[in-house]
Amino acid sequence: MATSTLDRCGEALGRLAKGDVSAFEEIVKEHQSMVFSVAYHFLHDRSLADEAAQDVFLRLYQNLASIVSPQHLVFWLPKVACRRALDMARKLPKTPPVGLQDIAEPSAESPDTDPLLSEGLRRMVASLPKDARAVIILRYQEELELAEIARILDVPVNTVKSRLERALGVLREKLNRWTGGVAR
């Protein structure tokens, strides 16, 4: 029978409480892709996302005593990742310079995806205000429920709903302009 994330986190937290420092490595491995993903979708820069993820796990290590349960840990990590990425995004210049060495090598896309559309959507989401971008990323990239997003952002569920509705409306308008009104 497969062990759930909460079960693995509970076991690791129990071992940490008994002084097994290697259990922290298991927690990091279990959650590093989610933390990096949240940071990357805010920052659009791998090195900044790595830095944000490291900061999140450093804060986790410093605050381990305040983590009371596996559910608390699973709630705490995306919340802190989101806040750290927002803080870093606020400090970024409006249009960061891009050097040729920073551009990834072209890779073969699967025939099912349209790279132009994917890049266009990524840019449209990136152009949203930070609050709207946070809701879109947490809902559609991290596939969190509205109540979870509300807890992470410390806002009421109705605020999440209205931000999501407005953000989707803005994205719909941008997509219609971009495609010349073909997208409905």
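The values are calculated or read from the model by the stated rules, or taken from the named source; none is laboratory data. Note that the coordinates shown come from a computational prediction; the quantities given were computed from them, not determined experimentally. Quick reminder, even Gly has a Cβ in these numbers, built from the backbone with ideal geometry, and neighbours come from all protein chains shown.
Considering only residues in the stretch 132-180 that are among the acidic types (Asp, Glu) and surrounded by 15 or more Cβ atoms within 10 Å (Cβ to Cβ), the one that is nearest to Gly120 (Cα to Cα) turns out to be Glu142.
Do the conditions hold for Ala150, that is, is it farther than 30 Å from Cys9 by Cβ, modelled with pLDDT of 90 or more and touching a helix residue (DSSP H, G or I) at 6+ places or on another chain (Cβ under 6 Å)? It is false that Ala150 is farther than 30 Å from Cys9 by Cβ, modelled with pLDDT of 90 or more and touching a helix residue (DSSP H, G or I) at 6+ places or on another chain (Cβ under 6 Å).
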